[in-house]
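Heads up: the structure comes next, in structure tokens.
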Amino acid sequence: MTAAPHPFRIAAFRAYWAARFATTIAQNGMIIVIGWQTYTIARLTMSPREAAAQLGLIGLLQFLPLFLSTPVTGWVADRFDRRWIARLTVSLQLGCALVLGVATYQGAMTLPIIFGVAVALGFARAFAGPALGALAPNLVPREVLPTAIALSSISWQVGTIIGPAVGAQAYAVAPWAAYALATVLFAIAFVCLMLISPVARTIAPGKAHP
């Protein structure tokens, strides 16, 4: 009996792992940069207390979409093609990073722009999480599924740890550079996701229920 291949020997899983790693680094780097930039802009016209309140608001705006969409994100990930959910959400995050980068580079960044983008990012992350998390089991044989899940978890954990440091270092070079880096990482993730072949759904359409 032939042993099942290691997950990294499967092209689709390699592409998935790279996409999740790049996305996680970009997401967590942008969280730090958006918060710092919000406070910096607010301090130009506000007191430290008022600026801190704006910082709290930006966090709330990123959390609310996750809270509001939680009842349906898992259902959507089960009913529709998870690859396309991941691709669409990564594309949205790429667009958000591009908008922030261009606005920052041109010196046109304002708090309303950041707040609007924060809401869009919140919805993108809310739908990306279940889709990316549930995609790995569709890409590998059942025999190596525990290894694949562990590797997927590692990509998320390592990306979560190094993402803020990478984003902060890029911001230290130039504020727009942090968003440019995030744009590149999201673009890499999108290309990797496009390399994944069609996969089986967990629940057949018409039978899924929230």
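The values are calculated or read from the model by the stated rules, or taken from the named source; none is laboratory data. Note that the coordinates shown come from a computational prediction; the quantities given were computed from them, not determined experimentally. Every residue, glycine as well, gets a Cβ built from its backbone with ideal geometry; the counts of neighbours run over all protein chains shown. Heads up: the accessible areas ignore ligands, DNA and RNA and are worked out on the full protein's heavy atoms, side chains in. Shrake-Rupley method; radii C 1.70, N 1.55, O 1.52, S 1.80 Å.
Remarks
- Residues L94, L135, L88, L57 ordered from highest to lowest accessible area at a 1.4 Å probe: L88, L57, L94, L135.
- With the convex hull of its Cα atoms as the shape, the range 78-144 has an orientation-averaged projected area of 5.4 nm².
- Per-residue HN-Hα couplings for the range 114-122 [Karplus 6.51, -1.76, 1.60; θ = phi - 60°; Hz; x = Gly/Pro]: 4, 5, x, 5, 4, 5, 4, 5, x
- Gyration tensor verdict on the range 38-120 (Cα atoms; rounded if a/c is under 1.5, prolate if a/b is larger than b/c, oblate otherwise): oblate
- Rounded, prolate or oblate (a/c below 1.5 giving rounded, otherwise prolate when a/b exceeds b/c) for the chain by Cα gyration tensor: prolate
- Each other residue within a Cβ distance under 11 Å of Y16 adds +1 if Lys or Arg and -1 if Asp or Glu, for a net charge of +4.
- Calculated [222 nm] ellipticity per residue, helices only, for the chain: -27500 deg cm²/dmol; basis is -39500 (n - 2.57) per DSSP H run with n ≥ 4, divided by all residues, nearest 500.
- Ordering of 26-39, 139-152 by packing [mean C-beta count within 10 Å, highest first]: 26-39, 139-152
- Split the accessible area of the chain by element, probe 1.4 Å, and carbon with sulfur accounts for 71%.
- Packing rank of 97-105, 161-169, where each peptide gets the mean count of other beta carbons within 10 Å, highest leading: 97-105, 161-169
- Accessible area per residue for the range 1-153 is 48 Å², calculated with a 1.4 Å probe on protein heavy atoms, without ligands, DNA or RNA.
- The alpha-carbon atoms of the range 1-87, seen along their principal axes, cover 70, 27, 18 angstrom, with the largest extent given first.
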